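Colleague: Submitted below is the structure of interest, expressed as structure tokens.
The values are calculated or read from the model by the stated rules, or taken from the named source; none is laboratory data. Because the structure is predicted, anything quoted here is derived from the model rather than measured. Virtual Cβ from ideal backbone geometry, glycine too; neighbours counted across all protein chains shown.
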Amino acid sequence: MFDAVIVGGGIIGHSISYHLNKSGIHSAVIEKGQSGKKATRAAAGMLGVHTENEAPDLFHHFCLMSRNIYTSLSEELLELTGIDIGLSSFGMYQGALTAQQKEKLLVKEASFSNLKWLEGEQLKSRIPWLTESVIGALYMGEDGHVEPSHVCEAFKRGALLHGGELFEDSTVLDIEQSKDSFNIQIENEILKAGKVIIASGSESGRWFEKTGMQNPIVPTKGECFSVDDGRIGLKETLFFENFYAVPKRDGRLIIGATSKSFDSSAAVTAGGISSLMNNVFAVLPELTEAPLLDYWSGIRPGTVDGRPIIGEHPYLSGIYFATGHYRNGILLAPATGQLMRDIIKEGNNNVYGDLLSPGRLLRKGENMYEPSS
Ligand code: FAD
Ligand code: GLY
């Protein structure tokens, strides 16, 4: 019998397994395919603490904490597993193409003491390839990125080295409560665990329904492509309202991403990629000459109110959720693993209260999902 079984072997499931097993809570991840091949593999890996937040509120605090954990985690995982998670700390520019966008970014600058607005000429002196259409950018010097697949693999191996277990090519078909434990049914076997943690990304919805809640998951498709960035040699990430460009250490430049809610289809569409190309070429025309490397899609686990769902089921003890990380699952993986470890070790003492708790979904509010009857 396991102390905990985690349903889903993406970056979130493996981060939780790593943190639980490291602290002596014997846990297994069950993954229906191969680990890290769904939303985790599609991600650009940005640690966009300030691109994804407008003000220093509690959610920003959670993002910041997670980004900061990456610094020590990068060394810890390298030492333990030999995997370099590709942490880059060159910073990000959130650019403006219109006066309205500039206005918004100036408000953001005023809210955060560590961000700095640069006018167009200042920005061009740093990145000469940019066109005049960029009227300025907010510099976020501490926000970088990682290689999502490497992080997931390092968590996976780290968890195994700490005594964890992993079942791949094993779909969780059902979960039944029996007295004070759970029976987790995979194809030819029933596993027993004291606790169950749902971390199945965009496919988590059915487990809310199974446990008496409305399905709060909004699968949101995203498409990306990559080019060889050899000529431009961009160091910092560029982030605009309709695209971003993330330069990886190996010379790949990842351009993302489209966004379509309630779309779980796998196809990469010509229209999606061409809209990204039009957007990025308008700002970095030199990229039209760059060799095209790859294109792909992934399904973000969005939620009805845009926030992750992390914590124990509101009335079924022993069932936990760690899902709905939407655009920020890579950024938030370390803090999610630590928070879930603390919640499981110390009871349901979630310092983030209703911000992340599954219980908030029971209270009907402005953004809450109401099924059409
Ligand atoms: P997943 O990685 O999808 O893992 C869930 C796993 O559960 C899957 O492997 C699946 O096979 C498994 N599973 C499902 N059902 C079952 C079952 N019944 N039994 C067993 N296993 C099951 N985030 C950032 O922070 N920064 C970024 O720059 C960024 N860029 C992105 C770009 C794109 C195009 C996309 C699509 C997403 C991006 N994200 C980014 C978001 C990020 O990828 C996700 O939030 C994150 O990967 C979610 O991780 P997860 O482990 O919850 O889900
Ligand atoms: N965080 C970037 C994306 O989801 O596309």
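Colleague: Quick check on region 207-228: of everything there that is part of a loop (DSSP other than H, G, I, E, B) and of a type outside the set (Gly, Ala, Ser), which residue is farthest from residue 277 (Cα to Cα)?
Modeller: The residue in question is 211.
Colleague: Still on this structure, please answer the following. Mind listing whichever residues of region 241-257 are within 17 Å of the chain's Cα centre (by Cα) and of a type outside the set (A, V, I, L, M, F, W, C)?
Modeller: Those that are within 17 Å of the chain's Cα centre (by Cα) and of a type outside the set (A, V, I, L, M, F, W, C): 244, 256.
Colleague: Is at least one residue of region 216-225 charged (D, E, K, R) and within 16 Å of ligand 2 (Cβ to nearest atom)?
Modeller: Among the residues of region 216-225, at least one is charged (D, E, K, R) and within 16 Å of ligand 2 (Cβ to nearest atom), which makes the answer yes.
Colleague: Now for a different question. Could you list, in sequence order, all residues of region 27-53 that are away from ligand 2 (no atom under 13 Å from the Cβ) and touching a Leu at 6+ places or on another chain (Cβ under 8 Å)?
Modeller: 27, 28, 29, 30, 31, 35
Colleague: Another question about this same structure. Working carefully through the options 6, 85, 16, 25, find the one that is part of a loop (DSSP other than H, G, I, E, B) and either within 12 Å of ligand 1 (Cβ to nearest atom) or more than 27 Å from residue 354 (Cβ to Cβ) (or both).
Modeller: On inspection, the qualifying residue turns out to be 85.
Colleague: For region 166-181, which residues satisfy the criterion of being touching a residue at least 12 places away in the same chain (Cβ under 8 Å) and more than 14 Å from ligand 1 (Cβ to nearest atom)?
Modeller: 177, 180, 181
Colleague: Taking the condition of a type in the set (A, V, I, L, M, F, W, C), in a loop (DSSP other than H, G, I, E, B), buried (at least 18 other Cβ atoms within 10 Å of the Cβ) and over 22 Å from the mean Cα position of the chain (by Cα), does residue 123 pass?
Modeller: Spelling it out, it is not the case that residue 123 is of a type in the set (A, V, I, L, M, F, W, C), in a loop (DSSP other than H, G, I, E, B), buried (at least 18 other Cβ atoms within 10 Å of the Cβ) and over 22 Å from the mean Cα position of the chain (by Cα).
Colleague: Just the residues that are farther than 22 Å from residue 305 by Cβ and either part of a loop (DSSP other than H, G, I, E, B) or of a type outside the set (Val, Ile, Thr) (or both), please, taken from region 337-348.
Modeller: Within region 337-348, 337, 338, 341, 342, 345, 346, 347 qualify.
Colleague: Still on this model: Going by the structure shown, is residue 329 over 24 Å from residue 65 (Cα atoms), of a type in the set (Gly, Ala, Ser) and in contact (Cβ under 8 Å) with a residue 40 or more places away in the chain?
Modeller: no
Colleague: Does region 194-210 hold any residues that are within 14 Å of ligand 1 (Cβ to nearest atom), in contact (Cβ under 8 Å) with a residue 24 or more places away in the chain and not acidic (Asp, Glu), and which are they?
Modeller: The answer is 196, 197, 198, 199, 200, 201, 202, 204, 207, 208, 210.
Colleague: Being modelled with pLDDT under 95 and either in a strand (DSSP E or B) or over 17 Å from residue 147 (Cβ atoms) (or both) is the filter here, so list the residues in region 229-267 that pass it.
Modeller: Those that are modelled with pLDDT under 95 and either in a strand (DSSP E or B) or over 17 Å from residue 147 (Cβ atoms) (or both): 230, 231, 232, 233.
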